[in-house]
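First up is the structure itself, then whatever we jot down about it.
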Amino acid sequence: MHSSDGTPIGIHTLGAGPGLIVVVGTLRSAEDYLPFASALAGSFTVHIVDRRGRGASGPQGPDYGLAKEVEDLLAVQAETGARLAFGHSYGGLVILETARSSQLFDRIAVYEPGVPTGPVPTGWMGPYQERLAADDPYGAFVHFMRGSGGAPAIVTKMPYWYLRAVMRIGYRGRGWQRMRPLLQANLAEHEQLAAQQGRLTEFAAVITPVLLLCGGRTAQMAETGPFDALRDTLANATLQTLDGLDHIGWTHGKSAAVVAQRVQAFLL
């Protein structure tokens with residue numbers, strides 16, 4: 001299928017039942033969510049969206065922005081007729097931004113959506129872009145890890161050269177090969193995250209029931225309560241914390257089934 005500007009948008013569909021759109025996070029493609037989608041496929045027809053800039057979809061394009069992601073989601077909903085949605089990280093932001101003005105979904109579940117409730121670190125972006133331009137993806141990713149605010153404190157304190165050496169040795173598998181082509185898109189998406197600062201109160205316009213999921217390990221790292229603030233802003237939201245999970249690692253193994261169980265219970 002195609003978005004309104006003609007960009008191809010890839011969709012991976014599996015299962016049977018009410019339609020459920022899954023919108024992926026940064027540095028992830030539809031393939032990363034197959035374990036999660038498979039756990040839901042017995043109850044839903046799951047449509048995993050390869051957002052623009054990855055997988056089977058077209059490029060982000062020169063006029064890329066959050067509004068383009070909303071256009072893409074609207075096109076996917078029109079194509080599939082799905083009335084349920086799940087979003088992870090940046091994908092959660094895309095869904096909530098769409099739901100602010102379009103009452104297309106009956107229920108929404110999001111896992112640690114990228115709605116800024118405070119300042120978004122941007123100091124890493126310049127060095128990150130420089131390393132990408134120098135064809136140094138490992139160096140770029142280290143700048144992202146140390147500067148974006150998502151890594152444990154012990155990681156951010158490690159020397160740049162040491163982390164880069166560790167990555168060159170340890171990041172060589174299939175996961176890294178899928179992630180590497182997404183590094184440029186990752187920068188554009190985090191620039192959009194930073195652009196959303198100060199907009200939290202606008203999400204009070206989302207009146208659709210929302211399940212807001214947070215990993216216990218993420219909550220322990222947070223100095224404030226960002227997901228509490230989002231829950232209190234949304235008109236009809238429930239916040240649940242899943243012990244032992246973090247921002248990314250839940251998408252495979254037993255953790256994917258744990259998240260799927262919570263989502264299924266809320267959406268059905």
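The values are calculated or read from the model by the stated rules, or taken from the named source; none is laboratory data. Because the structure is predicted, anything quoted here is derived from the model rather than measured. Note that each Cβ is placed from the backbone with ideal geometry, even for glycine, and that neighbours are counted across all protein chains shown. Surface areas here come from the heavy atoms of the whole protein model, side chains and all, with no ligands, DNA or RNA. Shrake-Rupley method; radii C 1.70, N 1.55, O 1.52, S 1.80 Å.
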Tell me, what is the Rg over Rh of the chain, with Rh the Kirkwood radius over Cα pairs? 0.94
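Determine the order of Trp161, Trp124 by accessible area, beginning with the largest, at a probe radius of 1.4 Å.
Values: Trp161 175, Trp124 10 Å².
The most accessible residue leads, giving Trp161, Trp124.
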Short version: ³J(HN,Hα) in whole Hz for each residue of region 22-39, in order, from phi by Karplus 6.51 cos²θ - 1.76 cosθ + 1.60 (θ = phi - 60°), x for Gly and Pro, what are they? 10, 10, 7, x, 5, 6, 9, 10, 4, 4, 5, 9, 4, x, 5, 5, 5, 5
Could you do me a favour and compute the accessible area per residue for the chain, 1.4 Å probe, result in Å²? 43
Which loop-located chymotrypsin sites (Phe, Trp or Tyr not before Pro) does region 162-268 contain, where loop means any DSSP state but H, G, I, E or B and the Cβ has at most 15 other Cβ atoms within 10 Å? Tyr171
GNM of the chain, Cα pairs under 10 angstrom: of Pro152, Pro209, Pro116, the biggest fluctuation goes to Pro152
Please give the solvent-accessible surface of Met1 in Å², to the nearest 10, using a probe radius of 1.4 Å with every protein chain present. 60
Computed over the Cα atoms of region 19-101, the Rg and Dmax in Å are 12.0, 39
Within the chain, helix-based [θ] at 222 nm, where runs of 4 or more DSSP H residues each add -39,500 (n - 2.57), nearest 500: -12500 deg cm²/dmol
Looking at the square roots a ≥ b ≥ c of the eigenvalues of the Cα gyration tensor of region 60-139, which shape do they give, rounded for a/c under 1.5, prolate if a/b is larger than b/c, or oblate? prolate
Looking only at trypsin sites (Lys or Arg not before Pro) in DSSP loops with at most 11 other Cβ atoms within 10 Å, what is the longest site-free stretch of the chain? 1-156
Rounded to the nearest 20 debye, dipole of region 66-107 from Cβ charges on Lys, Arg, Asp, Glu: 160
Dipole of the chain (Lys/Arg Cβ +1, Asp/Glu Cβ -1, origin at the Cα centre): which of Ala204, Phe266, Ala237 lies farthest to the positive side? Phe266
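Just the number, please: carbon plus sulfur as a percent of the accessible area of the chain, 1.4 Å probe, no ligands or DNA/RNA counted.
Values: 6140 of 11560 Å².
Using a 1.4 Å probe with all protein chains present, the chain comes out at 53 percent carbon and sulfur.
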